[in-house]
Structures are given as structure tokens and as C-alpha cells.
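Step one of this worksheet: look at the structure below.
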């Protein structure tokens, strides 16, 4: 039981770092005093952080919560890699419109759309597992989880976009990280296998390899947060403070 608690805390930490990076960028991307290049970089980093965090931490949850007892499982990541490219592009487009037109209603709606996409990414990552039998998640469960994550993300993006108060930033990060973690474990809880449908379970990464992959992804996330913080410290365009 103790190791499960540590796994959950590890996922929460991983989600927290990714969400902090995303909100860090959301809070700055609406500053019109910045150059277009600077704002594009912030939007791109926020988009990548959200999508990558949802996918890779869901893979870690899948390896530890769904399949850890089945050492024959492999995770075929090619579809999720392709989906990631399109997901980042979509998220970038939505957040760039928010950066240019940060109206509260539009911001919340755009954040909800991104949240639904994060739910889709998490579901697809969970279904990357191959145990010899087909893995599935009920449509009703999928819709509820995606809708809940969509609402939470909408509120977090609304709070974080252009925020100047630490309390708003902290609330946005905490809300998004906790809700993303809950959604990922809910997906793990409702995933089922169908022994009547046989799939190739030899292609892809085993749980140990996947663990290394997700650990590296977490490290990259942390490094990018550090780099962005250092860039902001030396930037000549500080944000106004309330």
C-alpha cells in the first residue's frame, strides 16, 4: 500500500511541475509589451507542457496502476506520439488566440477545449498498453472524466492567463495538477480488458523501459521550467505587479 501512495505522490509532483510550467507561461503570454517572438515561445511552452504532462504521466499511471502486475505488458507509443504533434498544434492555436484576445469568457472556453483534449490524450495513453487482450474504457466513463477535466482546465486557464497575483497562479496550478491526477487514476480504475480480442503484446516498451521514459520526460519538464524562469529573470520586460 505504501508504494502505491508514493506512486500517487510522484504523479502529483510530475503533474505539478508540468502545470506550473504551463501557468508560468499563461501568466506572461498576454503582456503586449513583449515581442511577438517572446509571446509565441510562451504559448508554445504552455502548449507542450500541458499535452506532454497529460500523456506521459498517464503512461506512468498505466504502468504502475493498471499493468504493474503483468510483466508481459508492452506499451506501443507510436499513435500517441503522432497524436501529440496534432494536440500541441491545436493547443498552441487556441492559446495563441487567448494571448491575443484574453477575454474572460473566451479564455475559460478555450481552456475547457484544451482540457477535453488533455482528457483525450490521457485516454489514448492508457489504451497504449498491450497485454495480449484488448484494453478498453467505457464511453460513459470516458465522457465523464473528460468533461470533468475540461471544466477544471477551463477554470485554471481562466485563473492563470495574465495573472499577476501569486494566489491566482498558485490556485490555477494546484487545481489543474490535482484534477489531472484524479482524472488519470480514474481512467486507470475504469480500464478493462477483453480476453476475446487478441492483440500483439510484444511490440513497444515494457513497464521498466516506460518508467525510464517517463522519468526522463519529467526531467525535461523540470529543466524547461528552470530555463524559462532564468530567461524571465533576465528579461527587460517585467510584468506589472498589483
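The values are calculated or read from the model by the stated rules, or taken from the named source; none is laboratory data. Since the structure is predicted, the reported quantities are computational estimates derived from the model, not experimental observations. No Cβ is skipped: glycine too gets one built from the backbone with ideal geometry, and neighbour counts run over all protein chains shown.
Summary table
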read-out: Boolean, residue 40 is over 16 Å from the mean Cα position of the chain (by Cα), part of a helix (DSSP H, G or I), modelled with pLDDT of 90 or more and under 12 Å from residue 95 (Cβ atoms); value: yes
read-out: Residue match in segment 57-68 (condition: part of a helix (DSSP H, G or I), modelled with pLDDT of 95 or more, buried (at least 23 other Cβ atoms within 10 Å of the Cβ) and within 17 Å of the chain's Cα centre (by Cα)); value: no
read-out: Residues within segment 1-37 that are in a helix (DSSP H, G or I) and closer than 27 Å to residue 60 by Cβ, tallied; value: 25
read-out: Residue match in segment 156-170 (condition: surrounded by fewer than 19 Cβ atoms within 10 Å (Cβ to Cβ), farther than 18 Å from residue 50 by Cα and touching a residue at least 24 places away in the same chain (Cβ under 8 Å)); value: yes
read-out: So residue 125, is it farther than 22 Å from residue 184 by Cβ and part of a helix (DSSP H, G or I); value: no
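Listed here are the residues, each with its yes/no results for (1) in a loop (DSSP other than H, G, I, E, B); (2) touching a strand residue (DSSP E or B) at 6+ places or on another chain (Cβ under 9 Å); (3) at pLDDT 90 or above.
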site	(1), (2), (3)
120	no, no, yes
135	no, yes, no
147	no, no, yes
153	no, no, yes
164	yes, no, no
171	no, no, yes
185	no, no, yes
194	no, yes, no
197	no, yes, no
